Amino acid sequence: MNEGITVKDLSVGYEEPILSGLSFHMAEEEFWVVVGPNGAGKTTLIKTILGIIPPLSGEIFIHGKRCTNWCDERKFLSYVPQMENYASNFPSNVFEVVLSGLFPRLKRFQKITDKEVKTVERWLKFLDLWEVREKKFNDLSGGQQRKVLIARALVGSPHYIFLDEPTTGVDLKNSRKIIKLLNSLHKEKKFGICMITHELSSVWHYIDKVILLGYEGKFFIGKKEEILNEELLSQIYQVEVKIAQTEGGPIFLVWDKHN
């Protein structure tokens, strides 16, 4: 099984493990979500797969090559972090931010080619950002900023895009636009998507697989119908979860069990 990402008996954390014993395979062109309460290890897990944080134990394979530490195959993975990781006085304009997505792939002193500039232009146009390409990043709306960071992740021609809560802090209209954009990249452009989210109703129709993380190292991995049910979600979130079925898909309702 040489395509996609394979994780074997992985433990993640810092000095002590947050999660241990994770094993799964993310096939290319699949749409995965990572869900669970705050503090369960969602961001730590994807940062470990990306190579930002070293694993405590276990193995990671990308396209069949062992990438537990660093390997060249990681160039096929891109990352859109949470917005809070960007300074409020970020000085660059939109074109510069997207262009910077090429830098990790360049060798020392290597110049950016006309072909690579054309790639930046193509993604700016595809994401409807061409008209704002000279605007400062900080002058954009929250929804536009998310799209710029997605464009930045795309210019390096990845196979997989990891996103950490890309719709947090974005109004409902722009949140839906971002979700539809990700599905378009998934279906039309054949990118694999792995997304941390709390908005299960918004992404339900697009999901292939789910990683559900809980407190004290609990985790469940599988198809959405197997994982995203009332009993398991109530157990993991430690609140009452009810799922209302509608024509547009399930709606997840949550309230405190003790109220």
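Where a number appears in this text, it was derived from the coordinates with a stated rule and is not lab data. The structure displayed is predicted, hence computed values, not measured ones. For neighbour counting, all protein chains shown are included, and Cβ atoms are generated from backbone atoms with ideal geometry for every residue, glycine included.
May I ask you to list the trypsin sites (Lys or Arg not before Pro) in the range 129-162 that are in a DSSP loop and have at most 15 other Cβ atoms within 10 Å of their Cβ? Of the trypsin sites (Lys or Arg not before Pro), the ones in loops of the range 129-162 whose Cβ has at most 15 other Cβ atoms within 10 Å are LYS135.
Ranking THR68, THR48 by Cβ neighbours within 10 Å, fewest first, what do you get? Can you show the working numbers first?
On the way: THR68 17, THR48 25.
Neighbour counts put them in this order, fewest first: THR68, THR48.
Loop-located GluC sites (Glu not before Pro) in the range 10-70 (DSSP state other than H, G, I, E, B) with a sparse environment of at most 13 neighbouring Cβ atoms within 10 Å: GLU15. Using θ = phi - 60° in the Karplus curve 6.51 cos²θ - 1.76 cosθ + 1.60, the 3J(HN,Hα) couplings for the range 38-45 round to 4, x, 7, x, 4, 5, 4, 4 Hz; x is entered for Gly and Pro.
The phi-based Karplus calculation (6.51 cos²θ - 1.76 cosθ + 1.60; θ = phi - 60°) puts the 3J(HN,Hα) values of the range 237-247 at 7, 6, 9, 6, 10, 10, 10, 9, 8, 10, 4 Hz, whole numbers, x for Gly and Pro.
Amide H contacts of ASN93 (H built 1.01 Å from N, in plane; Pro and chain starts excluded): PHE137 sit under 5 Å, all sequence-distant by 5 or more or on other chains.
Using a 4.7 Å Cβ-Cβ cutoff, the cysteines of the chain lacking any partner cysteine are CYS194. Annotation: amide H-H contacts under 5 Å for TYR79 (H modelled 1.01 Å from N, sequence separation of 5 or more, or interchain): PHE162. Exposed loop chymotrypsin sites (Phe, Trp or Tyr not before Pro) only (DSSP loop, at most 15 other Cβ atoms within 10 Å): please give the longest stretch of the chain free of them, not including the sites. Longest site-free region, per DSSP loop and neighbour criteria: 110-259.
Per-residue Karplus couplings for the range 163-171, computed as 6.51 cos²θ - 1.76 cosθ + 1.60 with θ equal to phi - 60°, are listed in order as 10, 9, 6, x, 9, 5, x, 9, 5 Hz, Gly and Pro entered as x.
Pairs of Cα atoms nearer than 8 Å and 6+ residues apart set the relative contact order; for the chain it is 23 percent.
Under the combined filter of DSSP loop state and at most 11 neighbouring Cβ atoms within 10 Å, the range 183-259 retains these trypsin sites (Lys or Arg not before Pro): LYS189, LYS190, LYS257. For the range 87-233, DSSP calls about 55 percent of its internal beta bridges antiparallel. Between the amide H of GLY156 and any residue lying 5 or more places away or on another chain, no distance stays under 5 Å, with hydrogens modeled in the peptide plane.
About its Cα centre, how strong a charge dipole does the chain have in debye, to the nearest 20, once Lys and Arg get +1 and Asp and Glu get -1 at the Cβ?
The dipole of the chain has a size of about 1060 debye.
Radius of gyration (Cα atoms) of the chain, expressed as a multiple of 2.2 N^0.38 Å: 1.03. Computed extension gain for GLU226 through GLU28, at 0.36 nm per residue and net of the alpha carbon distance, reaches 69.2 nm.
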